[in-house]
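The values are calculated or read from the model by the stated rules, or taken from the named source; none is laboratory data. Note that this is a predicted model, so its numbers are computed, not measured. Counting neighbours? That spans all protein chains shown, and the Cβs are built from the backbone with ideal geometry, glycine included.
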Amino acid sequence: MSQPNSTASIEQIDQSSAADSCTDPTRRAVLLGALAGCACLAAIEPASADDEPPGASERPQKADVLVRAEGDKAGEIIKADDLTLGGPPVRAWPKDPKTSVVRKGSRLNEVVIVKLDPNELDDTTRARAPDGIVCYSVICSHAGCPITAWVKEEQGDKKVLKCMCHNSEFDPRQNAQVVFGPAPRRIAALPLTVADGAISVAAPFIGKVGAQQGG
Ligand code: FES
């Protein structure tokens, strides 16, 4: 099964639509980016490793570029100028620039990228976020749902990354630390670099990816 594209941006997805998308096949087809239940997780699984070219399941590597994971421009390389300050975030896959292999053989490789004011970032986050561009795993650390929403936080005024399965919130300005909900820990961060407007991966994931225990 190939990775589906979504016509809904990460910002447009509210909680009700995400929940409905699990029970209504029509809406599920439209809101593939808004999968909110464990039953839905299967729907976003990329093709099995057997169907993918070598390297597609490897975690993001240094010098990988990022390509859009959804929407009309799915597969296009993301450049710094493509991102809007303050969001919405963009979901992306790493791509090996030498082999052109998109690393979508594992859902654990999908990331979310958003451009923020560098002055809002804490020192740890700023150190790996060129021009304020932060990048995190899209997989929630609670039970592994994809993080689909960019909404005002439950207990404050900032917009945060939110997992609609059980409402965990992660602040991308603070190394994606948990600011609300049951998630046990921050989501993994992917350090980036920008050269001549081109975004690439600077280093492997920092932190555990997915809903692994501990850490
Ligand atoms: S899987 Fe994300 S909050 Fe439960």
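Please determine, by comparing only the residues of the stretch 113-145 that are touching a residue at least 60 places away in the same chain (Cβ under 8 Å) and not hydrophobic (A, V, I, L, M, F, W, C), which one is nearest to the ligand (Cβ to nearest atom). Checked the stretch 113-145; the qualifying residue nearest to the ligand (Cβ to nearest atom) is 142.
Among the small types (Gly, Ala, Ser), buried (at least 23 other Cβ atoms within 10 Å of the Cβ), within 16 Å of the ligand (Cβ to nearest atom) and not in a strand (DSSP E or B), is that true of residue 211? Spelling it out, it is not the case that residue 211 is among the small types (Gly, Ala, Ser), buried (at least 23 other Cβ atoms within 10 Å of the Cβ), within 16 Å of the ligand (Cβ to nearest atom) and not in a strand (DSSP E or B).
The residues of the stretch 113-128 that are within 20 Å of residue 162 (Cα to Cα), of a type outside the set (Ser, Thr, Tyr) and buried (at least 17 other Cβ atoms within 10 Å of the Cβ), listed by number, are 113, 114, 115, 116, 121.
Here are some residues: 110, 153, 120. Which one is under 17 Å from the mean Cα position of the chain (by Cα), among the acidic types (Asp, Glu) and modelled with pLDDT of 95 or more? I'd like the intermediate steps shown before the answer.
Working: 153 fails: under 17 Å from the mean Cα position of the chain (by Cα); 120 fails: under 17 Å from the mean Cα position of the chain (by Cα).
Testing whether each residue is under 17 Å from the mean Cα position of the chain (by Cα), among the acidic types (Asp, Glu) and modelled with pLDDT of 95 or more leaves just 110.
Every condition in (1) aliphatic (A, V, I, L, M); (2) modelled with pLDDT of 95 or more; (3) over 18 Å from the mean Cα position of the chain (by Cα) is met by residue 92 except one, and the failing one is (3). Considering only residues that are surrounded by fewer than 24 Cβ atoms within 10 Å (Cβ to Cβ) and either within 7 Å of the ligand (Cβ to nearest atom) or among the polar types (S, T, N, Q) (or both), which ones fall in the stretch 146-155? Hit for the stretch 146-155 is 155, nothing else.
Taking the stretch 156-166 as the search range and keeping residues that are touching a residue at least 40 places away in the same chain (Cβ under 8 Å) and over 18 Å from residue 191 (Cα atoms), which one is nearest to the ligand (Cβ to nearest atom)?
Looking only at the stretch 156-166, we keep the residues that are touching a residue at least 40 places away in the same chain (Cβ under 8 Å), and these are 159, 161, 164-165.
So of that shortlist, the ones also over 18 Å from residue 191 (Cα atoms) come out as 159, 164-165.
On the way: 159: 17, 164: 8, 165: 4 Å.
Within the stretch 156-166, the match that is nearest to the ligand (Cβ to nearest atom) is 165.
Quick check on residue 197: is it within 9 Å of the ligand (Cβ to nearest atom) and on the phi > 0 side of the Ramachandran plot? No.
Condition first: assigned to a loop (DSSP other than H, G, I, E, B), under 16 Å from residue 91 (Cα atoms) and within 13 Å of the ligand (Cβ to nearest atom). Can you find one or more residues in the stretch 181-194 that meet it? Reasoning before the result, please.
Residues of the stretch 181-194 assigned to a loop (DSSP other than H, G, I, E, B): 181-188, 190-191.
Next cut, under 16 Å from residue 91 (Cα atoms) only: 187-188, 190-191.
The next check asks that each one be within 13 Å of the ligand (Cβ to nearest atom); those that pass are 187.
Yes: the stretch 181-194 contains one or more residues that are assigned to a loop (DSSP other than H, G, I, E, B), under 16 Å from residue 91 (Cα atoms) and within 13 Å of the ligand (Cβ to nearest atom).
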